[in-house]
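Data block below; observations after.
The numbers here are math on the coordinates, done by the rules we state, and not lab data. This one's a predicted model, so the numbers in the text were calculated from it and none came from an experiment. Here the Cβ is made from the backbone with ideal geometry for all residues, glycine too, and neighbour counts use every protein chain on show.
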Amino acid sequence: MRDLRQELFGAQDWVAELISNTKPEQYSLPTPCSEFTVKDLLTTHMCVCDKIESFPVDRTPAETRTVDDYLQEWNASSQRARAVWTDEAMHRDYTMSWGAVHSGPETVGLYLFEMVCHGYDLAYATGQPLEGPEAVAQAALEAAIEIVSNYPVRRHLMTQKLVPRKMRVPLLH
């Protein structure tokens, strides 16, 4: 897989913009992830951001986070991620919480895809524009397809069910 760090950082910038336009009165709104409110989704985003910055420094990421200022913490975490995802970090393997082992580029691609998907969820739930940066969305989709293609049983799920057309199209246009 190619190096997708810049696209990951672009996704983090896009999500930062979404967070900056999310008002506290929207926190109780539902999201496309039926188990999450907007606040739950923001908290999950923070845990994902923590994972992104934790892997290269061998720190166990937080499973839950208490955040007072989502945007401030998001921006700080994004800056830490940019600092730790060095060329050296890209040449290592990382073990996911579910046991899968991915290369540095695959790990970055995996979290890029997650960032874009949950960014879409946040945009949708809060009535913001659904279109993220086209190059970021395209790279996320390509990364997801490449990662899932390494798991033959899941290939059909990825291409047919995991990313429904109604969710894919707005991200890519």
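Each residue in Asp69, Asp121, Asp40 was given a count of other beta-carbon atoms within 10 angstrom of its own, and listing them fewest first yields Asp69, Asp40, Asp121. Note on segment 34-99: Cα Rg divided by 2.2 N^0.38 Å, N the number of residues, gives 1.19. Taking every alpha-carbon pair in segment 1-152 and binning the separations at 5 Å intervals from zero gives 2, 10, 20, 23, 21, 15, 8, 2, 0 percent. With the cut-off at 20 Å, report for segment 1-71 the share of all Cα pairs above it, as a whole percent. Pairs farther apart than 20 Å: 37 percent. Projected label points at Asp13 and Thr37, each 7 Å from Cα along the beta carbon direction, are separated by 3.3 nanometres. For segment 1-40, rounded, prolate or oblate, judged on the Cα gyration tensor with a ≥ b ≥ c (square roots of eigenvalues), a/c < 1.5 rounded, else prolate if a/b > b/c? Because a/c hits 1.5 or more and a/b fails to exceed b/c, segment 1-40 counts as oblate.
Dipole magnitude for segment 1-140: computed about the Cα centre from +1 point charges on Lys and Arg Cβ and -1 point charges on Asp and Glu Cβ, it is near 100 debye.
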